[in-house]
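Colleague: Sharing a structure below in structure tokens format, with a few things to ask.
The values are calculated or read from the model by the stated rules, or taken from the named source; none is laboratory data. Worth saying up front: this structure is predicted, and the values here are computed from it rather than measured. Heads up, the Cβs are rebuilt from the backbone with ideal geometry, glycines too, and the neighbour counts pull from every protein chain shown. When the accessible area is computed, the model is the full protein with side chains, heavy atoms only, and any ligands, DNA or RNA have been set aside. Shrake-Rupley method; radii C 1.70, N 1.55, O 1.52, S 1.80 Å.
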Amino acid sequence: MEITRVLDAALRKAAAVWITSPGHEPRLVHAHWRADALWVLSGGTEPRVPGLTDGAEVTVTVRSPSTHSHLIDAPAVAHLTEPDDETALALKTARLNTKPEWDAVYRLEFSS
């Protein structure tokens with residue numbers, strides 16, 4: 001799926017998305033849109049996403065920020081990564097109501 005204007009706009013506004021891995025129930029997670037990828041924290045003080053592993057193909061569901069209704073589903077591939085200092089700071093800053101700690105960071109990339 002191409003990163004459409006709708007998907008790009010939705011992800012820029014979304015503080016949380018639903019991630020579904022094959023064979024698992026959807027999991028609501030905090031996420032941060034940065035550098036044309038969706039960054040997701042897992043473990044530590046953040047929820048674990050069952051089935052989210054390096055190379056996993058997942059579905060990202062975004063809800064409308066105004067109506068909270070279903071907006072778009074988009075397939076993505078997860079890449080386990082170590083964020084650089086600037087990205088780590090952005091991930092921490094994006095979590096306004098807690099001081100996040102994580103075991104893993106995944107960069108979810110949408111195919112173009």
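Colleague: Using just the helices of the chain, give the 222 nm mean residue ellipticity in deg cm²/dmol: DSSP H runs with n ≥ 4 each add -39,500 (n - 2.57), and the total is spread over all residues, rounded to 500.
Modeller: Working: 2 runs with 19 residues, N = 112.
Dividing the helical sum by the residues of the chain leaves -5000 deg cm²/dmol.
Colleague: Full extension from Arg48 to Thr93: what is 0.36 nm times the residue separation minus their Cα-Cα distance, to one decimal in nm? Numbers along the way, then the final one.
Modeller: Values: separation 45, 0.36 × 45 = 16.20 nm, distance 1.97 nm.
Answer, rounded to one decimal: 14.2 nm.
Colleague: Counting only heavy atoms of the protein chains, get the accessible area per residue of the chain (1.4 Å probe) and round it to a whole Å² value. Display every interim value, and only then the final one.
Modeller: Working: 6490 Å² over 112 residues.
Normalised by residue count, the accessible surface of the chain is 58 Å².
Colleague: Could you give each residue of the stretch 6-13 its phi-based ³J(HN,Hα) in whole Hz, using Karplus coefficients 6.51, -1.76, 1.60 with θ = phi - 60°, and x for Gly or Pro?
Modeller: 5, 5, 4, 5, 5, 6, 5, 8
Colleague: Kindly report, to the nearest 10 Å², the accessible surface of Leu71 as traced by a 1.4 Å probe over protein heavy atoms only.
Modeller: 80
Colleague: Pick out, in residue order, every one of the GluC sites (Glu not before Pro) in the stretch 44-112 that is DSSP loop and has at most 14 other C-beta atoms within 10 Å; say none if there are none.
Modeller: On the way: sites: Glu57, Glu86, Glu101, Glu109; in loops: Glu101.
The qualifying sites are Glu101.
Colleague: Continuing with the same structure: With an 8 Å Cα cut-off and a minimum separation of 6 or more residues, compute the relative contact order for the chain in percent. Write down the numbers at each step before the final one.
Modeller: Numbers: 223 pairs, mean separation 35.4, N = 112.
Contact order relative to length: 32 percent.
Colleague: Work out the length of the dipole vector of the stretch 1-64 about its Cα centre, built from +1 on the beta-carbon of each Lys and Arg and -1 on the beta-carbon of each Asp and Glu, and round it to the nearest 20 debye. Spell out each step's value before the answer.
Modeller: On the way: 7 positive and 7 negative charges, 61 e Å.
The calculation lands at about 300 debye.
Colleague: Can you pull the percent of the chain's accessible area that's carbon plus sulfur, 1.4 Å probe, other chains left in place? Intermediate results must be reported in sequence, preceding the final value.
Modeller: Working: 3290 of 6490 Å².
Carbon and sulfur: 51 percent of the exposed surface of the chain.
Colleague: Which ³J(HN,Hα) values, rounded to whole Hz and listed in residue order, are derived for the stretch 42-56 from phi using the Karplus coefficients 6.51, -1.76 and 1.60 in 6.51 cos²θ - 1.76 cosθ + 1.60 with θ = phi - 60°, glycine and proline given as x?
Modeller: 3J(HN,Hα) across the stretch 42-56, in whole Hz: 9, x, x, 8, 9, x, 7, 9, x, x, 7, 9, 4, x, 5.
Colleague: For the chain, how big is Rg over Rh, using alpha carbon atoms and the Kirkwood form of Rh?
Modeller: Values: Rg = 12.9 Å, Rh = 14.0 Å.
So for the chain, dividing Rg by the Kirkwood Rh gives 0.92.
Colleague: Next up: Just grab the label-to-label distance for Lys13 and Glu82, each label 7 Å out from Cα along the Cβ direction, in nm (one decimal).
Modeller: Here the modelled spin labels are 3.7 nm apart.
Colleague: Separate question: Mind listing the long-range amide H neighbours of Ala31? Cut-off is under 5 Å, sequence gap 5 or more, other chains count too, H placed in the peptide plane at 1.01 Å from N.
Modeller: Result for Ala31 returns Ala16, Val17.
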